[in-house]
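Encoded as structure tokens, the structure appears first; notes follow it.
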Amino acid sequence: MKKVVFFLAVIGSTCGLAVRGSSTAAVSVRLISPNGGETWIGGETKAITWSVADGAGAGVAIFYSTDAGVTTELIAKLEGNPASFAWTVPRVESKACLVVVEVTDARGGTARDQSDAVFSITKSEPKPDLAAEIETSKKETFLESFTITVTIKNTGTAPSPETVCEVMVRNGHSPRQILRRFEKKIREIDAGGSYSYASPLKVGRGLFEICAVVDPGKKIDEKDKANNRAYLEIAGK
């Protein structure tokens, strides 16, 4: 009996059989941030970050959407293979924002990824934020003058207008009677700036509390009012 031998030449297959020859995997991208659930404030600078795998990117295009992807707007086009972009967040109001990153490789292939879920952008008008600090080099005194230094810092994002700082000296124990009160005019302070002044004081025997309050009338629209007050204790012996 003659043996019949069949030879099967595999040219290509999509069924898991190996294809002879070499190939390069297509580029892929994964958006890291923002990936959903964040709240970003308009006007701030935030980092959009992503990672590229299975090939090197030759260029990146970044888009954002404020309607859950129905429409998109270009943020930037970048050359090479960066992994982040410093984005000045637009001053919009939306709880349905997405970011889309599209990577193109050297062969012209593309890969896209977007935020896994929507995030929020909220409008934020620039505001000042005044913070009071008070200090003295002498913690104990008795019937003699000493000097306090009051520093007003504007940690906000807008200049603060002229205001006043009120200093009160009162008993450190009940009844907390105010013994002295005086004001100092504070000039306009640029965002990130500060203003300091010194005042001589005198106390007697006992424990005293010195309190400095900037904008005591709360006339300035600030980002935070909780840091407008500072305290210092002095022991007179």
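Computed from the coordinates by the stated procedures, all read-outs in this text should not be read as laboratory data. On a predicted model such as this, the values are computed, not experimentally measured, just so you know. Heads up, the Cβs are rebuilt from the backbone with ideal geometry, glycines too, and the neighbour counts pull from every protein chain shown.
What the table shows:
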quantity: Positive-end residue, region 100-237 charge dipole about Cα centroid, Cβ charges, pick of Tyr197, Thr147, Ile220; calculated: Thr147
quantity: Computed over region 130-236, the ratio Rg/Rh where both radii use C-alpha atoms and Rh is Kirkwood; calculated: 1.00
quantity: Nitroxide proxy distance, nm - points 7 Å out along Cα→Cβ at Thr149 and Glu188; calculated: 2.7 nm
quantity: Region 105-151 and region 190-235: distance between their alpha carbon centers, rounded to Å; calculated: 19 Å
quantity: Overall dimensions of region 28-122 by Cα: Rg and Dmax, Å; calculated: 12.8, 39
quantity: Computed magnitude of the charge dipole of the chain (debye, nearest 20; Cβ of K, R +1, Cβ of D, E -1); calculated: 540 debye
quantity: Built amide H within the under 5 Å cut-off of Thr141, gap 5+; calculated: Ala235, Gly236, Lys237
quantity: Estimated translational D of the chain in µm²/s (Stokes, Kirkwood radius over Cα pairs; 4 °C; 1.567 mPa s); calculated: 55 µm²/s
quantity: Unit charges on C-beta of K, R, D, E only; dipole of region 130-236, Debye; calculated: 380 debye
